[in-house]
1. Looking at segment 10-60, which of its residues are open to solvent by 20 Å² or more (accessible area, probe 1.4 Å) and among the β-branched types (Val, Ile, Thr)?
2. Among the residues in segment 175-195, are any in a loop (DSSP other than H, G, I, E, B) and acidic (Asp, Glu)?
3. Considering only segment 314-333, state which residues are open to solvent by 30 Å² or more (accessible area, probe 1.4 Å), in contact (Cβ under 8 Å) with a residue 40 or more places away in the chain and outside any loop (DSSP other than H, G, I, E, B).
4. Being under 37 Å from the mean Cα position of the chain (by Cα) and open to solvent by less than 70 Å² (accessible area, probe 1.4 Å) is the filter here; which residues of segment 110-139 pass it?
5. Pairs, please: C-beta under 6 Å, at least 6 apart or cross-chain, first residue over 30 Å from LEU366 (Cα atoms) and in segment 28-57, second of a type outside the set (Val, Ile, Thr) and in a helix (DSSP H, G or I)?
6. If you check every pair at least six apart or on different chains, which have Cβ atoms under 8 Å apart with a residue in segment 188-207 that is under 20 Å from VAL44 (Cβ atoms) and modelled with pLDDT of 95 or more first and a residue that is surrounded by 22 or more Cβ atoms within 10 Å (Cβ to Cβ) and of a type in the set (S, T, N, Q) second?
7. Within segment 87-101, is there a residue that is within 18 Å of the chain's Cα centre (by Cα), among the acidic types (Asp, Glu) and exposed (fewer than 14 other Cβ atoms within 10 Å of the Cβ)?
8. Determine, yes or no, whether ALA238 is within 18 Å of the chain's Cα centre (by Cα) and hydrophobic (A, V, I, L, M, F, W, C).
Amino acid sequence: MVNELHHFVAGKLLPGTSGRFGDVFDPNTGRVQARVPLASQAEVDAVITDAAAAQLEWARWNPQRRARVLMRFVELVRAERESLARLLSSEHGKTIADAVGDIERGLEVVEFAIGIPHLLKGDFSASAGTGIDVYSMRQPLGVVAGITPFNFPAMIPLWKAAPAIACGNAFVLKPSERDPSVPLRLAELFVDAGLPPGVLNVVNGDKVAVDALLTDPRIQAIGFVGSSAIAEYIYATAAAHGKRAQCFGGAKNHMIVMPDADLDQVVDALVGAGYGSAGERCMAISVAVPVGAATADALVERLAARVRALKVGASDDAGVDFGPLITAAAVQRVRDYVRSGVEEGADLVVDGREHVVAGHEGGFFLG
């Protein structure tokens, strides 16, 4: 059975009207488990209209009252953390433990935003000049938006939404269409926590929805996390339309291993960074540079043994170190990276390209 997903607008789930849909896969099986509506420009326009109306009343709430909504939201999320983690894992493919971490790191920022009343205090300087006093006031921008990636479907939407909402803005979230169910559920929990309908909206979509957010004059600011190419596009388009933009594009982390390094600790760090969330995250160390041939040989020996011992399996299996990748295209892309490395002269020490998980032969797995 294929589940039909919705948008979250004005405090309730609404079906899409564009007639366009995207497939949401179960990475463990490779089967389509849901269809997500892809919003039209008219649908995004309607969402922004609703958010702009709701923001006016929300901005009149004092900061302490807004913070209490966030406090209640944290309680509600923690109460159903396990079910949220399983939902996240079923669409993304990260292990349950990784999914719990995804949620908890998002809640850490919500907890920070609870303290926003102190940060919203203005400044006053008496006698800055002869007969001149200077003061500042902090006010909401209005309606702001977040465009977030597939790899942290709880953490990054909460990073974007919580501070914006705490400051009195309305927020429009455009999550990844690959794993949208957790963002939709989080939006419901915000309303259950007392957030007025329309202050937080979730609109699913592709480039059509993104461009609608980037060009609408009522959207005052955009936050984005994703690939470098898309970050450049979003930043340039947002800036051309007079918006504030905060864009995190790509990431490649490098580790330099000195000859006197504790290699057991190095291997722990490399395995944790490289294989957590199946490596689908910007914190993954993609390049390790050992200093000296002896360091390199010792590191490869230790690392290869640890990598061979990693348990790959369904994301909800106990004791699994990492689960499947997000899509078949992602699997092929990694295979291509390995192939190109070999063609360029690299020694392939551990080859997981043809790894198959018993009972999940159609899943998006790599060894």
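The values are calculated or read from the model by the stated rules, or taken from the named source; none is laboratory data. None of the values given here were measured: they were computed from a predicted structure. Cβ placement follows ideal geometry from the backbone for every residue including glycine, while neighbour counts extend to all protein chains displayed. Note: areas computed on protein heavy atoms with side chains; ligands, DNA, RNA excluded. Shrake-Rupley method; radii C 1.70, N 1.55, O 1.52, S 1.80 Å.
1. Answer for segment 10-60, where residues must be open to solvent by 20 Å² or more (accessible area, probe 1.4 Å) and among the β-branched types (Val, Ile, Thr): THR17, THR29, VAL32, THR49.
2. Yes, because at least one residue in segment 175-195 is in a loop (DSSP other than H, G, I, E, B) and acidic (Asp, Glu).
3. Once the filter is applied, which keeps residues that are open to solvent by 30 Å² or more (accessible area, probe 1.4 Å), in contact (Cβ under 8 Å) with a residue 40 or more places away in the chain and outside any loop (DSSP other than H, G, I, E, B), segment 314-333 yields only ALA328.
4. Scanning segment 110-139 gives VAL110, ALA113, ILE114, GLY115, ILE116, PRO117, LEU120, GLY122, SER136.
5. Between residues of segment 28-57 that are over 30 Å from LEU366 (Cα atoms) and residues that are of a type outside the set (Val, Ile, Thr) and in a helix (DSSP H, G or I), the close pairs are ALA39/ALA209; GLN41/ALA212; VAL44/ALA209; VAL44/ALA212.
6. Partner pairs satisfying both residue conditions: GLY198/GLN55; VAL199/GLN55.
7. no
8. no
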